[in-house]
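Below you'll find the structure, written out as structure tokens, and then a few comments.
The values are calculated or read from the model by the stated rules, or taken from the named source; none is laboratory data. What you see is a predicted model; the values in this text were computed from it and never measured. Quick reminder, even Gly has a Cβ in these numbers, built from the backbone with ideal geometry, and neighbours come from all protein chains shown.
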Amino acid sequence: MKRFKQIDTWVSAALIVGFTVWALIKFDHTFLIGYFVVGGWQVISMIVHSINGWFCEKGSRRYNYQWAVASIFLIAALGLIVYPVLFVLLFALIFLAPLMATWYTWLCYQEVYIKMQRPLAMLK
């Protein structure tokens, strides 16, 4: 688990930084590709965490994040029926998605480098 979480954290961070730099260099629709790649990576990561029950206990930060993402998916599904809802959601996600990606990467970092520390390592 620890190796997976380390890889997950650093790949997520590298994707965010890489696509940010790439989008600033190309200055075109590249940022949208980055949204889908980073988001896809993080959704797969969330599914793996949920299946394995890693840090998903009720009331945890990951649990709250997963509910936030599930709410967004439900609002998007509603938006397929009521189009103005989908338009407003997609517009909001242009600004919220980078914050959510950073939030998720920070959650992963905390789980690996703070929560998974051995008790004696915290005595330093």
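Only one of the listed residues (V11, V37, V17, V69) is closer than 20 Å to F91 by Cα and modelled with pLDDT of 95 or more. That residue is V37. Selection of region 19-48 for residues being among the β-branched types (V, I, T), over 13 Å from A101 (Cα atoms) and either outside any helix (DSSP H, G or I) or in contact (Cβ under 8 Å) with a residue 24 or more places away in the chain (or both) yields only V48. Within region 49-76, the residues that satisfy the criterion of being among the aliphatic types (A, V, I, L, M) and either surrounded by 13 or more Cβ atoms within 10 Å (Cβ to Cβ) or closer than 20 Å to A97 by Cα (or both) are A68, V69, A70, I72, L74, I75, A76. Which condition number in (1) exposed (fewer than 10 other Cβ atoms within 10 Å of the Cβ); (2) under 28 Å from R3 (Cβ atoms); (3) not hydroxyl-bearing (S, T, Y) is the one that F95 fails? Evaluating F95 over (1) exposed (fewer than 10 other Cβ atoms within 10 Å of the Cβ); (2) under 28 Å from R3 (Cβ atoms); (3) not hydroxyl-bearing (S, T, Y) leaves (2) as the failure. Selection of region 22-48 for residues being surrounded by 12 or more Cβ atoms within 10 Å (Cβ to Cβ) and among the aliphatic types (A, V, I, L, M) yields A23, L32, I33, V37, V38, V43, M46, V48. Might you let me know whether region 11-18 holds any residue that is over 20 Å from M116 (Cβ atoms), in contact (Cβ under 8 Å) with a residue 40 or more places away in the chain and hydrophobic (A, V, I, L, M, F, W, C)? Yes, that holds for at least one residue.
If you scan region 65-85, which residues turn out to be over 29 Å from C108 (Cα atoms) and either in a helix (DSSP H, G or I) or among the polar types (S, T, N, Q) (or both)? Please lay out each step first, then the result.
The initial filter retains those residues of region 65-85 that are over 29 Å from C108 (Cα atoms), namely 78-85.
L78, G79, Y83, P84, V85, listed by residue number.
State all residues of region 1-21 that are touching a Pro at 6+ places or on another chain (Cβ under 9 Å) and either polar (S, T, N, Q) or loosely packed, with under 14 Cβ neighbours inside 10 Å (or both); if no residue qualifies, say none.
First, pick out the residues of region 1-21 that are touching a Pro at 6+ places or on another chain (Cβ under 9 Å): 16, 20.
Passing the criteria: only T20.
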